[in-house]
Amino acid sequence: MTDLPHAIARARAHAPFLSLALNRLPEIEALLAAGDVEQALARAKSAGEGIEDTAVALRRERLALALVIAVADLAGTFPLTRVVTELSDFADRSLDAAIAAAIRRRTPDVQPAGFSAIALGKHGAQELNYSSDIDPILLYDPETLPRRDRDDPAEAAQRVARALMEIMSNVTADGYVFRVDLRLRPASEVSPLALPFEAAITHYESSALAWERAAYIRARAASGDIASGQAFLETIRPFVWRRSLDFGAIAEIGRLTTRIRDHYSAGQALGPGYDLKRGRGGIREVEFFAQTHQLIHGGRNPALRLRGTRASLDALAETGIISAEDARVMGDSYDRLRTLEHRLQMVADQQTHSLPTDAQALDSVAQLDGLPNGAALIAELTEISDVVGRRFDTLIETYAPTGAVAVESTPLATELSALGFADADALAERVETWEGGQYRCLRTAEAREAFARMRPQLLRALAEAPDPDRALLRWEQLLAGLPSAINVFRLLDARPGLLAVVMRILAHAPTLADELARRSDLLDTLIDRSAFALPGTVAEIAAELSRGEAGDDYQRLLDTVRVRVGEMRFALGVQLIEGQSDPLEVAAALSRVAEASIDVLGRAAIDEFAASHGRIRGSDLSILGLGRLGGAALTHASDLDLVFLFSGDHAAESDGRRPLGATLYYNRLAQRVIAALSVPTAAGALYEVDTRLRPSGAQGPISVSLESFERYQREDAWTWEHMALCRARALFGTTADRAALSTIINHMLTIPRDCAKLKTDVLEMRGTMADHKPPKGPLDVKLARGGLVDIEFMVHFLQLRDHVARTPDLGEAVQLLEKANLLPPGSRAAHDLMARLLVVVRLVAPDGMYPPEASRGIVARACGLDNWQALLDAVLAARRQVALAWGQVFEIQLEISE
């Protein structure tokens with residue numbers, strides 16, 4: 001049947017999506033009606049030409065192609081192979097264009113390189129269906145991916161990935177290009193959207209699962225840097241095509257085959273609602289029939305390493321692994337099932353695989369295909385399902401786990417010894433006590449059953465942990481703190497990659513381990529945090545913290561913010577342990593999270609307070625951040641240094657049912673905000689708030705007027721208080737009040753000073769601090785001489801003396817002073833090294849002492865050094881650099897203890 005006009009008529013009558021496309025594209029309809037399919041196809045492929053916006057151009061091309069391919073398919077002009085090839089080629093082109101456009105958003109003049117899309121599934125096999133999503137693996141080369149000089153390669157890659165998703169998947173007035181699903185990437189629960197080639201190779205060589213092997217049978221370097229993608233696929237070829245196959249791998253294959261039917265019980269029965277893809281005798285069973293045989297035999301026979309389903313079946317028959325009849329029947333059935341799948345998807349451009357349950361709709365699908373009615377369609381599918389299903393049944397019987405040879409269970413001590421544990425007998429007794437009632441979370445039969453399933457993986461992860469003894473102790477502390485652990489055990493059983501992350505947390509990060517013991521639900525944040533992308537802007541974080549159900553009250557908001565901030569801080573800590581983010585970026589992100597918390601809870605506290613006391617006309621609250629918060633460089637242990645101020649007349653009164661004078665009003669309101677930020681609720685604690693940097697310190701009121709603040713700073717403030725202003729930022733308040741506050745601060749930082757007195761004051765203060773606050777340990781690079789505090793004192797002295805480098809960002813100020821020759825070269829590098837180290841040790845060694853041997857590599861790598869000794873040497877050199885600067889600035893020698 002190659003009657004194009006009849007195909008157009010069926011499309012108009014039975015497929016609303018195609019009818020709409022025909023109305024929107026009359027020129028293409030005319031070409032099709034005239035029988036000029038190839039000219040119509042060429043016109044469709046050029047539909048986006050001349051449109052600068054890649055997203056719009058691709059959507060225009062996609063609609064035109066969808067129309068031409070559908071009509072040519074319905075008319076029989078295009079065979080199935082041509083249909084799926086054209087669809088797959090468009091996916092390749094659109095991905096390639098999206099990658100190029102995404103890269104050029106920040107680097108417009110470069111040639112795209114170093115970013116590859118590996119196509120999997122039907123896309124990889126060049127067998128895409130009519131309304132399919134695509135499942136690429138996005139990989140990049142940090143050395144060749146174009147980026148701005150200041151951009152980190154990993155963050156640049158994530159920007160490209162996010163932009164690609166936006167270009168391809170966002171639904172606009174022109175529709176979409178392809179739905180892009182990135183969940184097939186390695187360890188998707190904890191990994192970024194795009195991974196470095198080397199990281200992906202490591203995953204597939206060491207920790208990939210059986211289903212990932214099956215997925216890579218059809219993998220193809222489709223778009224972007226194709227040469228690098230092909231090199232990657234060649235590197236991991238031994239992972240996919242193994243020459244030997246043990247009984248464990250065969251059991252894995254059995255579980256994969258049975259899961260198809262067990263997991264999708266709905267849609268198995270023939271009739272309305274039957275699932276062409278997942279139902280018995282459906283598309284998935286044909287594909288798995290071929291892929292299972294390929295996995296078993298393809299390692300030894302390269303002729304079986306094909307991507308296409310029909311080609312693979314033919315190759316299996318040629319080698320005698322399956323019969324020629326089976327290959328023919330399964331192949332013909334597959335072609336017909338795929339054609340009918342296309343009919344379902346043409347109706348409304350939806351990724352559906354199930355027959356309509358409505359009789360009229362079922363008749364319409366059948367008539368779109370050219371059949372008389374739904375009954376004829378069901379009859380044809382019944383025959384296909386039977387011949388495919390019987391052959392798949394044989395596969396299940398051969399490879400299902402129940403058919404495997406039974407193996408006696410291995411004694412626990414023997415298992416532990418094989419894993420490398422030294423005193424396996426003692427450890428076996430210890431492990432067995434876990435299930436003997438020692439821990440509350442393991443006292444139910446259901447919990448013990450869930451734990452038993454994941455115990456082998458747990459013991460293996462413990463054995464592979466950098467410090468097994470420490471990880472084991474913390475695991476027991478985690479068990480002791482969990483009131484219920486069934487979901488935790490099930491999650492870790494289903495996510496082996498996540499279990500490995502947990503072991504590293506337990507081994508390396510006591511702060512995170514303690515948080516996990518208190519809140520096991522923090523594991524949920526690691527499942528799909530997409531490579532642990534750094535949180536966005538303050539406004540974006542605030543929107544996330546504010547998101548809740550309609551009618552949520554003030555207390556619910558306090559709990560919500562604590563939960564979500566805890567998740568963000570935990571994820572940022574894991575990024576440090578996993579080496580996924582620069583500690584300086586984490587410090588900035590922690591500051592943005594804190595600022596967003598202040599914004600959300602500050603506004604909520606004001607509204608709550610106003611409900612009783614009203615508001616003061618012409619007056620508003622402002623919050624000033626100082627210290628590390630002001631400098632946007634928090635650690636996980638930082639408190640929030642805040643000063644509360646208010647504008648307007650201090651003699652005014654509020655207009656609520658319980659009115660208060662302005663001074664009392666804002667002092668009570670400030671206390672309410674402090675409580676919102678610091679008081680533990682049922683959801684836990686949030687921050688420690690320190691207000692001692694306010695005017696007059698602990699003896700002064702918590703909140704003062706802007707006028708009083710300006711007068712105090714001008715007339716009564718000590719030198720150290722002006723030094724503190726060097727790192728001050730207005731974090732909360734109206735635009736006008738923030739501007740007024742900035743004016744006050746700028747004025748105070750630029751007044752003429754007695755340089756000799758300033759120098760004397762600064763040196764006396766540093767000496768007093770050194771006497772009263774010595775470093776806690778050898779890694780306390782904050783308080784150690786030649787450390788970060790000394791850098792702060794030098795910077796603030798120069799800022800007050802010379803009125804230069806006036807930025808609260810300490811690292812940026814150091815760089816500006818270095819460029820002005822007020823600090824010697826190398827000062828910024830010394831600051832950044834010790835700032836990174838401070839952020840990391842707050843998690844790994846919060847006491848300032850050297851961390852355990854196994855954790856030292858993490859600390860060194862986070863600071864950009866190869867090993868522990870290199871880090872110690874670099875830190876000593878940095879402190880000496882600071883001592884050199886100290887001598888240049890203050891003309892006195894700074895003694896550095898080694």
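The values are calculated or read from the model by the stated rules, or taken from the named source; none is laboratory data. It should be emphasised that the depicted structure is a prediction, and the values quoted were computed from it without experimental measurement. For neighbour counting, all protein chains shown are included, and Cβ atoms are generated from backbone atoms with ideal geometry for every residue, glycine included. Surface areas here come from the heavy atoms of the whole protein model, side chains and all, with no ligands, DNA or RNA. Shrake-Rupley method; radii C 1.70, N 1.55, O 1.52, S 1.80 Å.
For helix 868-890, what angle does its Cα long axis make with the longest principal axis of the chain, in degrees from 0 to 90 and rounded to 10?
Here the helix axis deviates by roughly 40 degrees.
Top to bottom by accessible area (1.4 Å), largest first, where do Asp866, Asp181 land?
From most exposed to least exposed: Asp866, Asp181.
By accessible area of protein heavy atoms, probe 1.4 Å, what ranking do Thr743, Thr352, Thr292, Thr235 get, highest first?
I get Thr743, Thr235, Thr352, Thr292, largest accessible area first.
Please list, or write none, the lysines whose alpha carbon is within less than 24 Å of the alpha carbon of Lys45, excluding same-chain residues fewer than 8 places away.
Lys122
Only residues of the stretch 282-296 count here: report those whose backbone N is under 20 Å from the spot 7 Å along Cα→Cβ of Thr382, or say none.
Label zone hits: 282-283.
Please enumerate, by chain and number, the aspartates and glutamates with C-alpha under 17 Å from the C-alpha of Lys776, excluding those fewer than 8 residues away in the same chain.
Excluding near neighbours in sequence, the set is Asp790, Asp847, Glu898.
In what sequence, largest accessible area first, do Glu653, Glu515 appear using a 1.4 Å probe?
Glu653, Glu515
What is the antiparallel percent of DSSP beta bridges lying wholly in the chain, to the nearest 5?
Bridges in the chain that DSSP calls antiparallel: roughly 70 percent.
May I ask you to list the lysines whose Cα is less than 29 Å away from that of Lys757, ignoring any residue fewer than eight positions away on the same chain?
Lys773, Lys782, Lys819
At a probe radius of 1.4 Å, what is the per-residue accessible area of Trp211, in Å² to the nearest 10?
About 80 Å², rounded to the nearest 10.
Using only DSSP helix segments of four residues or longer, with each worth -39500 (n - 2.57), what per-residue ellipticity at 222 nm results for the chain after dividing by its residue count and rounding to 500?
Mean residue ellipticity at 222 nm (helix-derived): -19000 deg cm²/dmol.
Please check which bits of the stretch 341-379 a label hung off Ala13 would reach, taking the label as a point 7 Å along Cα-to-C-beta and the cut-off as backbone N under 14 Å.
363-374
Set the Förster radius R0 to 22 Å, insert the Cβ-Cβ distance between Gln351 and Arg93 as r into 1/(1 + (r/R0)^6), and round the FRET efficiency to 0.05.
Computed FRET efficiency for Gln351 and Arg93 comes out at 0.60.
Using protein chains only and a probe of 1.4 angstrom, how many square angstrom of Glu792 are accessible, to the nearest 10?
40
Roughly what angle does helix 359-369 make with the longest principal axis of the chain, taking Cα atoms, 0 to 90 degrees, to the nearest 10?
Taking the Cα atoms of the chain, the angle to 359-369 is about 70 degrees.
Under a 1.4 Å probe, what is the accessible area of the chain per residue, stated in Å²?
Result: 42 Å² of accessible area for each residue.
To the nearest 10 degrees, how steep is helix 80-104 against the longest Cα principal axis of the chain, on a 0 to 90 scale?
Relative to the chain, helix 80-104 is tipped by roughly 10 degrees.
For a quick check: with amide H placed at 1.01 Å from N, whose amide H comes under 5 Å from Lys277's, ignoring anything fewer than 5 positions away on the same chain?
Ile283
How big is the chain by the Kirkwood estimate over distinct Cα pairs, in Å?
In the chain this quantity evaluates to 31.8 Å.
Need one value: the accessible area of Met165 in square angstrom, 1.4 angstrom probe, rounded to the nearest 10.
50
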